[in-house]
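The values are calculated or read from the model by the stated rules, or taken from the named source; none is laboratory data. Remember, predicted model here, so these are calculated numbers, not experimental data. Ideal geometry is used to build each Cβ from the backbone, glycine not excepted, and the neighbour counts take in all protein chains shown.
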Amino acid sequence: MVGRVVLFPCGGIKKVEATVVRWATYRVNEELLPKKTLLLCVPAYYRGVPEDLVMVEKNPTLVIDCHEESCGSFLMQQIGLLPAARLLLPELMEHWRLLPGPDRQALDRQGLELVERLAREMAGVAGTLLTDPGYHFQQQKVKVPFEGRIGNWREDPAKKLGYIRIRPSLYRPKDMPALPLEAQ
């Protein structure tokens, strides 16, 4: 059984969607699944802080990408690790017909609604990884030597990770165990 799920939010600071993802991640970690999730610190991960690398090696990771550049997915594949699952915010926004609003520093009513819906979606995915006795996460090891620097934005992370679409906005790498949600 899985003890904790790592939440890997988009770390972008220029896009309102990144603010939505970060706020939703904190909501899940602090209120919806307290003590059942771990927050990945993107700058620490990017610099190769051992605790952050070990966190994603030993626990299933839910990447929340807020745009097609797929920063979280990209950073995972750069060191040879696979996330357990990925949520892609643009597809959720289209499905829910919600936009994040114009201001990344102070979300408006619609942006806050998006935060709440995304948090519930994230908690649902993470919750199935935590509670389904049939889901078995196998610990991973960093495969690419980490030299304190990540970067090669020429590769498409979605293709590199071989994502399989489970439903709109929810993906998993083809080489990871099936998600409990796939049976539904």
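Quick notes on this structure:
- In the range 41-62, the qualifying residues are those that are part of a helix (DSSP H, G or I) and β-branched (Val, Ile, Thr), and the one that is nearest to residue 113 (Cα to Cα) is 42.
- Residue within the range 43-62 that is touching a strand residue (DSSP E or B) at 6+ places or on another chain (Cβ under 7 Å), under 28 Å from residue 106 (Cβ atoms), of a type outside the set (Gly, Ala, Ser) and at pLDDT 85 or above present: yes
- Output for the range 40-76, where each listed residue is buried (at least 17 other Cβ atoms within 10 Å of the Cβ), of a type in the set (A, V, I, L, M) and free of Cβ contacts under 8 Å to residues at least 40 places away in the same chain: 40, 42
- Here residue 30 meets the list (1) free of Cβ contacts under 8 Å to residues at least 24 places away in the same chain; (2) over 13 Å from the mean Cα position of the chain (by Cα); (3) closer than 26 Å to residue 138 by Cβ almost entirely, failing just condition (3).
- Residues in the range 126-140 that are over 11 Å from residue 37 (Cβ atoms) and either of a type in the set (Ser, Thr, Tyr) or touching a residue at least 40 places away in the same chain (Cβ under 8 Å) (or both): 128, 131, 132, 133, 134, 135, 136, 137, 139, 140.
- Test result for residue 145, in a loop (DSSP other than H, G, I, E, B), surrounded by fewer than 17 Cβ atoms within 10 Å (Cβ to Cβ) and either at pLDDT below 90 or among the hydroxyl-bearing types (Ser, Thr, Tyr) (or both): yes
- Counting the residues of the range 118-138 that are surrounded by fewer than 13 Cβ atoms within 10 Å (Cβ to Cβ) and of a type in the set (Ser, Thr, Tyr) gives 1.
- Residue within the range 172-181 that is assigned to a loop (DSSP other than H, G, I, E, B), at pLDDT 90 or above and touching a Gly at 6+ places or on another chain (Cβ under 6 Å) present: yes
- Failed condition for residue 81, given (1) aliphatic (A, V, I, L, M); (2) loosely packed, with under 15 Cβ neighbours inside 10 Å; (3) under 24 Å from residue 166 (Cβ atoms): (2)
- Scanning the range 63-90 for residues that are over 9 Å from the mean Cα position of the chain (by Cα), at pLDDT below 90 and either not in a loop (DSSP other than H, G, I, E, B) or not hydrophobic (A, V, I, L, M, F, W, C) (or both) yields 67, 68, 69, 70, 71, 74, 75, 76, 77, 78, 80.
- Qualifying residue in the range 16-28 (condition: part of a loop (DSSP other than H, G, I, E, B) and either at pLDDT 85 or above or in contact with a Pro (Cβ under 8 Å, 6 or more places away or on another chain) (or both)): no
- Boolean, residue 106 is surrounded by fewer than 17 Cβ atoms within 10 Å (Cβ to Cβ), modelled with pLDDT under 90 and aliphatic (A, V, I, L, M): yes
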